[in-house]
1. In the list 133, 149, which residue meets the criterion of being open to solvent by 40 Å² or more (accessible area, probe 1.4 Å) and either more than 21 Å from the chain's Cα centre (by Cα) or of a type in the set (S, T, N, Q) (or both)?
2. Within the set of pairs 6+ apart or on separate chains, which have a first residue in segment 133-150 that is in a helix (DSSP H, G or I), a second that is at pLDDT below 95 and surrounded by 12 or more Cβ atoms within 10 Å (Cβ to Cβ), and C-beta atoms under 6 Å apart?
3. Please tell me if residue 96 is under 19 Å from residue 23 (Cβ atoms) and either under 25 Å from the mean Cα position of the chain (by Cα) or not polar (S, T, N, Q) (or both).
4. Just the residues that are in contact (Cβ under 8 Å) with a residue 24 or more places away in the chain, within 23 Å of residue 2 (Cα to Cα) and either acidic (Asp, Glu) or open to solvent by 80 Å² or more (accessible area, probe 1.4 Å) (or both), please, taken from segment 25-57.
5. Quick one: count up the residues across segment 81-105 that are touching a residue at least 40 places away in the same chain (Cβ under 8 Å) and over 20 Å from residue 4 (Cα atoms).
6. Given (1) at pLDDT 95 or above; (2) of a type outside the set (Gly, Ala, Ser); (3) open to solvent by less than 70 Å² (accessible area, probe 1.4 Å), where does residue 221 come up short, assuming only one miss?
7. Is it fair to say residue 158 is free of Cβ contacts under 8 Å to residues at least 40 places away in the same chain, open to solvent by less than 20 Å² (accessible area, probe 1.4 Å) and either outside any helix (DSSP H, G or I) or not polar (S, T, N, Q) (or both)?
8. Select from segment 3-13 the residues that are in contact (Cβ under 8 Å) with a residue 60 or more places away in the chain and touching a strand residue (DSSP E or B) at 6+ places or on another chain (Cβ under 8 Å) and write down the one among them that is surrounded by the fewest Cβ atoms within 10 Å (Cβ to Cβ).
Amino acid sequence: MTAWKDYQEEAAAFFRSIGLTAETDKKIAGVRTNHDVDVLVKSHHYGFEITWIVECKQWKSPVSKLHVLGLREIVSDVGADRGILLSEAGFQRGAKEAAGLTNVQVTSLAEMRQTTGPRLAAMRVQDLFDRLENCHDRYWRIPKEWRIEDDLRPDTGAFGYSANVVIDGCRDVVSRTIRGNFPFECQHMAAFSLTQLAGAFTSIEDVLTRIEPLIEDLEHRLTSSEQKRGL
């Protein structure tokens, strides 16, 4: 594998490590033409899809203004939310000026690992926490008899899905993620009934991969109950 291809794969792996979807060598249709991009990064959340176009320049010399302008055109043509131009060799002054006050960011993979990565990861974990708290409030606003009828909790003495167990189990995992002491295991009893919570969590990516589907499922169940009951 060539150096530039390795660089693309490293960039994609970085974005995956903070819970985003990243694919290399993608062709994207724009309004005016198709574009070949190095890394396509996406995040689907709350019904909205965020798209970033990442161009990787594994060069020995600083990147010029022309490449920043070119990425700005691609971002505009495909309707992406952000463009990121990566170069370990730096950028010419004109390139930095061309990126200023736009939705194109010029940086290096090393810098993103040191600064952007931790910030984005922290935002993703905080987002999980906020969604759990919102689910908690929504769950307890639904009367007990409706929660049972709508399969949000089992009746007393019965077995079945329990939204409260999901919330408390995920809370335990998220709180341990915030403390950042990997690897760790969920200490809530939910780990015995939910396979997603069983075993060690080794990274933020691991937490997001296993916890987010539980929260999405819970959100859909709560929405279904609320719509059914006119809440």
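1. 149
2. Partner pairs satisfying both residue conditions: 146/229; 148/155.
3. So residue 96 does not fit the description; no.
4. Scanning segment 25-57 gives 38, 55.
5. 0
6. Exception for residue 221: condition (3).
7. No; evaluated as a whole, the condition is false for this residue.
8. Going through the qualifying residues, I end up with 7.
The values are calculated or read from the model by the stated rules, or taken from the named source; none is laboratory data. Model, not experiment: these values are computed from the prediction. Virtual Cβ from ideal backbone geometry, glycine too; neighbours counted across all protein chains shown. Side chains included, ligands, DNA and RNA excluded: accessible areas come from the protein's heavy atoms. Shrake-Rupley method; radii C 1.70, N 1.55, O 1.52, S 1.80 Å.
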